[in-house]
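Below is one structure, written out as C-alpha cells; comments come after it.
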Amino acid sequence: MTTHATENALREQVCAVGASLFQRRLVHATAGNLSVRLPDGYLITPTDACLGSLDPARLAKVGPDGVQLSGDRASKTLVLHRRIYAAAPQAGCVLHTHSTHLVALTLQGVWRPAAILPPLTPYSVMKVGPVPLIPYHRPGDPRVGDLVAQAITRAAAQGVTLQAVMLDRLGPNVWADTPAAAMARLDELEETAQLWLLGGRAGTGLDAAALDELRQAFGAHWWPGSGDPGALDLCDATTPAD
C-alpha cells in the first residue's frame, strides 16, 4: 500500500470512528477530537467539528513540526496530541472525548490521583491499565501537554506503560495503534467508570495475586505491589509551558 493510499484509509477510519462515537453518545455537539500519526506528520479533526459528520477531505493535515499543511483549521488540542505522540512512541492514534460517566467521576471524586478507578475488572486492567488524573486547565492550554508527557515518563520509570489519562472536568485522552483500538480502549474505560458509579463507588479492586496473574498471562500494566498507588502523583500542576 502506498503512503497516499494509507493516508486515505486513515482518513476514512477517523471519520468512521467519529461517527460511531457520536451515534453512541460518547461525544456530543462539537466536543471531542481525534488524531492519527502519519509517516509525514499527523491528521487531526478540525476545531469545533462534530465528530458525527466528519468529511475525510477536510481533516487537518499537520507536518511533524506542527505547521498545518491542508484541511480545515486543526483542533486547539493539537499541542497535547503531539506531546502524547512524542512521549508514547507506540501511539498511532489519540482520542479525546467528554464521556459522561468519566467526567461525572471527576466531579464526585476519583479513586487515586495516579488511578482514577481501582482495578475493578480483568479487562479494565488488560485493555486500559491505570489512568492518572491531570489537574484542570482550560481547553487547549499548552501546559496540559507538559503534564501528560510528565505523567507518561514518570509511570514508565516505575515500569508502567500508560495508555490513557483523564483531564479533570473535561474527559479522557486515550491512545492506541489504530483508531478502532483507541475507541475500544475508550469504551472499556467509560464502562468501568459507569460500573463503579452504579455501585456507589464502593467496589474494591482485584488483589495483588490477581493483578500479578494478569501481568504474567497478558502483559497487563498496573501499579506494582498491592495495586494501590496511594498518594502517588504523576504530574506537577506547576509545570510551565514550553
Kindly indicate the residue of the range 180-220 that is of a type in the set (S, T, N, Q) and assigned to a helix (DSSP H, G or I) and also surrounded by the fewest Cβ atoms within 10 Å (Cβ to Cβ) among those meeting that condition. GLN216
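Quick check on this structure: which one of THR100, THR77 is hydroxyl-bearing (Ser, Thr, Tyr), farther than 15 Å from VAL165 by Cβ and touching a helix residue (DSSP H, G or I) at 6+ places or on another chain (Cβ under 9 Å)?
THR100
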Go through (1) hydrophobic (A, V, I, L, M, F, W, C); (2) surrounded by 15 or more Cβ atoms within 10 Å (Cβ to Cβ); (3) in a loop (DSSP other than H, G, I, E, B) for ALA29 and report which single condition fails. (2)
Return yes when ASP236 is modelled with pLDDT of 95 or more and surrounded by fewer than 16 Cβ atoms within 10 Å (Cβ to Cβ) and no when it is not. no
Would you point out the residue of the range 62-79, among those that are among the polar types (S, T, N, Q) and not in a strand (DSSP E or B), that is nearest to LEU170 (Cα to Cα)? THR77
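Just a yes or no: is a residue in the range 80-100 assigned to a loop (DSSP other than H, G, I, E, B) and over 19 Å from ALA181 (Cα atoms)? Explain how you work it out, then say what you get.
Filtering the range 80-100 for residues assigned to a loop (DSSP other than H, G, I, E, B) gives 88-92, 97-99.
Filter once more, so that each one left must be over 19 Å from ALA181 (Cα atoms): none.
Checked the range 80-100: no residue is assigned to a loop (DSSP other than H, G, I, E, B) and over 19 Å from ALA181 (Cα atoms).
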The conditions are (1) surrounded by 21 or more Cβ atoms within 10 Å (Cβ to Cβ); (2) more than 13 Å from the chain's Cα centre (by Cα); (3) of a type outside the set (A, V, I, L, M); (4) in a helix (DSSP H, G or I), and PRO119 fails exactly one of them. Which is it? (4)
Of all residues being part of a helix (DSSP H, G or I) and without any contact (Cβ under 8 Å) to a residue 60 or more places away in the chain in the range 130-179, which is farthest from ARG37 (Cα to Cα)? Just the residue, please. ALA157
Tell me yes or no: at least one residue of the range 142-151 is touching a Ser or Thr at 6+ places or on another chain (Cβ under 6 Å), among the hydrophobic types (A, V, I, L, M, F, W, C) and surrounded by 17 or more Cβ atoms within 10 Å (Cβ to Cβ). yes
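With respect to LEU54, determine if the residue is surrounded by 20 or more Cβ atoms within 10 Å (Cβ to Cβ), over 17 Å from VAL144 (Cβ atoms) and either out of contact with any Lys or Arg (no Cβ under 8 Å at 6 or more places or on another chain) or not acidic (Asp, Glu) (or both). Lay out the reasoning, then the answer.
Working: surrounded by 20 or more Cβ atoms within 10 Å (Cβ to Cβ): yes; over 17 Å from VAL144 (Cβ atoms): yes; either out of contact with any Lys or Arg (no Cβ under 8 Å at 6 or more places or on another chain) or not acidic (Asp, Glu) (or both): yes.
When the stated conditions are applied, LEU54 passes them.
The values are calculated or read from the model by the stated rules, or taken from the named source; none is laboratory data. A quick note: this is a predicted structure, and the numbers were derived from the prediction, not measured. As a convention, Cβ positions derive from the backbone with ideal geometry for all residues, glycine included, and neighbour counts pool all protein chains shown.
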